[in-house]
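The values are calculated or read from the model by the stated rules, or taken from the named source; none is laboratory data. All figures in this text were calculated on a predicted structure; none of them were measured in a lab. We place every Cβ from the backbone using ideal geometry, glycine too, and count neighbours over all the protein chains shown. We work out accessible area using only protein heavy atoms, side chains counted, and drop any ligands, DNA or RNA first. Shrake-Rupley method; radii C 1.70, N 1.55, O 1.52, S 1.80 Å.
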Amino acid sequence: MFRILKGAGGDRVFRVATIGALVLLAVFFIGIIVSMLAYTDWDTFVSALFSEEILFAIRLSVMTATIAAIIAILIAVPVAYTISRSSFPGKDIVDSLLDLPIVVSPVALGAALLVFFNTPLGSAIDDDVLKFVFAVPGIVLAQVTVISALAIRLLKSTFDSIDLRYEQVARTLGCSKPEAFFRVTLPLARDGLIASSILTWARAVGEFGATVMLAGATAMKTETLPTAIFLSLATADVEKAIAVIFVLIIIAVVALLAIRKIIGRRYQI
Amino acid sequence: MIEIKNLSLHLGEFHLKDINLSIGDGEYFVILGPTGAGKTVLMECLAGLHHVKQGEIWMGQREVTHLASEERNVGYVPQDYVLFPFLNVVDNIAFGLKMAKCSGSEIQARVNELADLTGISHLLHRNTRSLSGGEKQRVALARALAPSPGILLLDEPLGALDLRTAKYLRLELRRVHHGLGLTTVHITHDLMEALEMADRVAVIQNGQVEQVAEPEEMLFYPEGERVADFIGAPNILNCDYCRDLGQGIIEVGCGGLKLTVPHEGGHVRKVAILPRHIYVSETRPPGLSVNGFQGSITAIKTAGNTVRIWIDVDDTNLMAEVPSYIFEEMNLAVGKEVFLILRMRRIRCYESHN
């Protein structure tokens, strides 16, 4: 089959096929957005967007995602650094286990968390330390569970790309290991760190499966933006759902543009 | 004084085997060996970048085998210099001083002093990414020297530079070393670099020290075939007489050959020249030829990318080496008469053998 694709004709067919796939995908996404715009009108859209419920969902999502992203990055930095720089028995297994939250359905993770809080230890934590089940801390926990693996993966590739010799030189210049990490490795990882933070934050804003399992979907209580879409559609309030979808799309676009800008000025190491 | 005693290290497939070295105070010590011989690993052991389980390393009266890098007081210039890209030149040089909690005025004075010493005063506020290879090398050297280390470690410091810059910086490194009197360990795979710079040379191959000697001694008396092979099997000629021509030039008689050689000092007993420093031509080279001779080819042998040619000149047999692609352009055969020039500046002299 590939024989007939040799020469200039083959080049053209290949180019048309690859560009065609790109155009098809773009048309598909633009089509979805246009269909949503056609479904609603401006006034309805604005009033839905500024309704008390949606403003609450935006505030809650931004707050929980910010806390979750900070926690996830604080956990991910040492974990990713350890996996990137150390070798220990069973490292491959640990590395694979840390990828589980990326491939396992968030609903399953949320359900597992819910089951945990039904065990004696989980109940004790939920009753005496901090209320997670069907409460706002549950949203943060669900988001952290889902996004920490992503943060680790992104930061590991950042640390992998930093030559170990920078730290070694810093050590010979008088730095202890922690000093070398904070004074040399972290500044070198700065762009990767910012990009990972933005991406994990955006992923936390969009998290639904694990959140709804652990924190539930109670309007004006545990209602994040994705939960708001779910609740709006459940009550056939399509305009409100469309308003929230646009909020999520705008957040995603801004996040991706920011990352592109950061990666564009990355250090040439 | 650095002493390495019975040092062995296993790193995956690679082994450093029972290394014993003693490097004197203020010495410029060169570790010479081919790529993959273990030079960098050995230097990293000195810098404290590997956990040594077998053997000891002493620096002065201190055993440093198990001390962390920051406790050893060594200055380290790695290959490719590894300047911190998020800091400008000043901040790179000042890095070690800040770690030593020096005051602002102390840092400024020391940075200026080192910038003068290494000739980079005009670069201080530049971004390190915009520097040339030679400039980066100087900044890395100034950074390593800033905290006043007891020992300076240089890993292939001239390897990434063009020939002209490297040649110039060889002199600069020697000048800096002479000025500071700092014990320096320099690793290289370049024989000429080792011969020109070292007080003493250690040849290392396959993780083992093969020979430790002064450069001339190594060249004239290589220990074992592997060292002789690595340094390129020099032609070594015994001198019958030695006559001073003035201005640092002498004439030596070796068998039937009269050679003009740059040399200052005592009576020369032997001279050496590497086969690659003998120029072979089918026709008489034009102009005044110093150390030019005529001889006949006795043997030709291919060795990798080069061809070795043995030539009888009077009663002396010399080996020359030419790259294969040049050999193919020539019409050489055993028995043919050829002209050869022994490059004067490349001839090394040996005064005595201890």
Round to a whole number: what % of the accessible area of chain B belongs to carbon and sulfur, probe 1.4 Å? 47 percent
Taking Cα atoms only, helix B:104-118 is inclined relative to the longest principal axis of chain B by an angle, in degrees rounded to 10, of 0 degrees
Just which residues of segment B:44-69 lose 40 Å² or more accessible area with every protein chain there, against their chain alone, with the probe set to 1.4 Å? B:L49
Quick check: from the Cα gyration tensor, does segment B:41-195 come out rounded (a/c under 1.5), prolate or oblate? oblate
Figure the gain on full extension for A:R85 and A:K177 (residue separation times 0.36 nm, minus the Cα-Cα span) and round it to one decimal in nm. 31.9 nm
Quote the accessible area belonging to A:F28 in square angstrom, nearest 10, computed with a 1.4 Å probe and with ligands, DNA and RNA left uncounted. 120 Å²
From the square roots a ≥ b ≥ c of the eigenvalues of the alpha-carbon gyration tensor of segment B:191-304, which class results: rounded (a/c under 1.5), prolate (a/b over b/c), or oblate? oblate
Using alpha-carbon coordinates, inclination of helix B:163-180 to the longest axis of chain B, degrees: 60 degrees
Of A:K91/A:K131; A:K156/A:K261; B:K101/B:K136; B:K39/B:K270; A:K177/B:K101, which pairs sit farther than 28 Å apart, going by alpha carbon to alpha carbon? A:K91/A:K131; B:K39/B:K270
Size of the protein assembly as shown along its principal axes in angstrom, Cα-based, largest extent first? 110, 71, 47
I want to make sure I understand the PRE zone here: with the label point 7 angstrom from the Cα of A:I32 toward its beta carbon, which residues in segment A:199-229 have backbone N atoms less than 18 Å away? A:202-209, A:225-229
At most 11 other Cβ atoms within 10 Å and a DSSP loop assignment: could you name the trypsin sites (Lys or Arg not before Pro) in segment B:23-63 that fit? B:K53
Shape category assigned to segment B:1-74 from the gyration tensor of Cα positions, a/c cut at 1.5: oblate
Over all directions, average the projected area of the Cα convex hull of segment A:43-264 and note it in nm². 14.7 nm²
Under a no-solvent Debye model with one identical scatterer per Cα of segment B:136-222, what's log10 I(q)/I(0) at q = 0.14, 0.19, 0.21, 0.23 Å⁻¹? -0.52, -0.93, -1.10, -1.26
Rounded to the nearest whole Å², what accessible area per residue is found for the protein assembly as shown with the 1.4 Å probe? 50 Å²
Accessible area buried, both sides summed, chains A and B with 1.4 Å probe, Å²: 2000 Å²
Any chance you could give the angle, 0 to 90 degrees and rounded to 10, that helix B:133-145 forms with the longest Cα principal axis of chain B? 50 degrees
Run the numbers on segment A:43-264 and let me know its relative contact order in percent, using alpha-carbon pairs under 8 Å that are six or more apart. 33 percent
Segment A:96-149 - percent of accessible surface contributed by carbon and sulfur, probe 1.4 Å: 76 percent
At R0 = 30 Å the Cβ-Cβ FRET efficiency linking B:D312 and B:E225, nearest 0.05, sits at 0.80
Distance between Cα centroids, segment B:107-162 to segment A:126-191: provide it in whole Å. 33 Å
I'd like the distance separating the alpha-carbon centroids of segment A:81-121 and segment A:34-52, in whole Å. 40 Å
Accessible-area order (highest first, 1.4 angstrom probe) of the listed residues B:L169, B:L288, A:L256: B:L288, A:L256, B:L169
Helix by helix through chain A, keep the DSSP H runs that span 30 Å or more along the axis on Cα and average at least 0.0 on Kyte-Doolittle, and give those back in order. A:7-39, A:52-85, A:136-160, A:238-264
Delta accessible area of at least 50 Å² on complex formation, residues of segment A:155-189, 1.4 Å probe, chain isolated as reference: A:R165, A:Y166, A:Q168, A:V169, A:R171, A:T172, A:L173, A:R183
